[in-house]
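For reference, the structure discussed in these notes is given below.
The values are calculated or read from the model by the stated rules, or taken from the named source; none is laboratory data. Remember, predicted model here, so these are calculated numbers, not experimental data. Neighbour counts run over all protein chains shown; Cβ positions are idealised from the backbone, glycine included.
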Amino acid sequence: MNFTVTSEIKNSVAELTLSGSLDSGSASVFQAEIQKVAGNVPTEMVLRVSELSFMASAGLRMIVFAKQKLGPSVQIYLVKPQDQIIDTLQMTGFIHSVHIVDKYPV
């Protein structure tokens, strides 16, 4: 399955919509989008991931990259992740570094 990501900045919030399969082959696309929005110095990052069907360890690395690039004060929200994505976040312990929400704004 292909991977797509789009982004926009709304009131200092970086909103990215991800769909498809996020793996080592598509992580660079996600990384480029993170770098693009980081230039706007957002106060929060919202990842709309309801259409993201799979996330490999490369996807997790990109979320870690986003956290490092944006700084510790920027909160990252994952909106409507599928169960397998939540499972991956739990197994790695990264669930404690992001906010899982059903909608944004919360």
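Condition check ((1) part of a loop (DSSP other than H, G, I, E, B); (2) more than 19 Å from A38 (Cβ to Cβ); (3) of a type in the set (A, V, I, L, M)) across all residues:
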residue: V64; (1), (2), (3): no, no, yes
residue: K69; (1), (2), (3): no, no, no
residue: Y77; (1), (2), (3): no, no, no
residue: I86; (1), (2), (3): no, yes, yes
residue: Q90; (1), (2), (3): no, yes, no
residue: H96; (1), (2), (3): no, yes, no
residue: I100; (1), (2), (3): no, yes, yes
residue: P105; (1), (2), (3): yes, yes, no
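As for segment 83-105, it holds no residue that is surrounded by 19 or more Cβ atoms within 10 Å (Cβ to Cβ) and either touching a Phe, Trp or Tyr at 6+ places or on another chain (Cβ under 6 Å) or modelled with pLDDT of 95 or more (or both). Restricting segment 22-50 to residues that are of a type outside the set (A, V, I, L, M, F, W, C) and part of a helix (DSSP H, G or I) leaves a set whose member that is farthest from K103 (Cα to Cα) is S28.
Taking the criterion of being within 13 Å of the chain's Cα centre (by Cα), surrounded by fewer than 14 Cβ atoms within 10 Å (Cβ to Cβ) and among the aliphatic types (A, V, I, L, M), the only residue of segment 24-62 that qualifies is A32.
Among residues of segment 63-72 being over 18 Å from K10 (Cβ atoms) and touching a residue at least 12 places away in the same chain (Cβ under 8 Å), the one that is surrounded by the most Cβ atoms within 10 Å (Cβ to Cβ) is I63.
Tell me, yes or no, whether segment 67-75 has at least one residue that is of a type outside the set (V, I, T), under 18 Å from F30 (Cβ atoms) and touching a Pro at 6+ places or on another chain (Cβ under 9 Å). Even if it seems obvious, please write down each step before you answer.
Taking segment 67-75 as the starting set, the residues that turn out to be of a type outside the set (V, I, T) are 67-73, 75.
If we keep only those that are under 18 Å from F30 (Cβ atoms) as well, we get 67-70.
Those left that are additionally touching a Pro at 6+ places or on another chain (Cβ under 9 Å): 70.
There is at least one residue in segment 67-75 that is of a type outside the set (V, I, T), under 18 Å from F30 (Cβ atoms) and touching a Pro at 6+ places or on another chain (Cβ under 9 Å).
Residues are listed down the side, and each one gets a yes or a no for (1) among the β-branched types (V, I, T); (2) in contact with a Phe, Trp or Tyr (Cβ under 8 Å, 6 or more places away or on another chain):
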{"position": "V5", "(1), (2)": "yes, yes"}
{"position": "I9", "(1), (2)": "yes, no"}
{"position": "V13", "(1), (2)": "yes, no"}
{"position": "L18", "(1), (2)": "no, yes"}
{"position": "V29", "(1), (2)": "yes, yes"}
{"position": "G39", "(1), (2)": "no, no"}
{"position": "V49", "(1), (2)": "yes, no"}
{"position": "L52", "(1), (2)": "no, no"}
{"position": "L60", "(1), (2)": "no, yes"}
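One line per residue, one yes/no per condition, for (1) in contact with a Leu (Cβ under 7 Å, 6 or more places away or on another chain); (2) among the polar types (S, T, N, Q):
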| position | (1), (2) |
| --- | --- |
| D23 | no, no |
| S50 | no, yes |
| F54 | yes, no |
| S57 | no, yes |
| L78 | yes, no |
| D83 | no, no |
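Contact annotation: residue pairs with Cβ atoms under 8 Å, 6 or more positions apart or on different chains, pairing a residue in segment 35-55 that is farther than 16 Å from P72 by Cα with a partner that is in a strand (DSSP E or B) and aromatic (F, W, Y), are L47/Y77.
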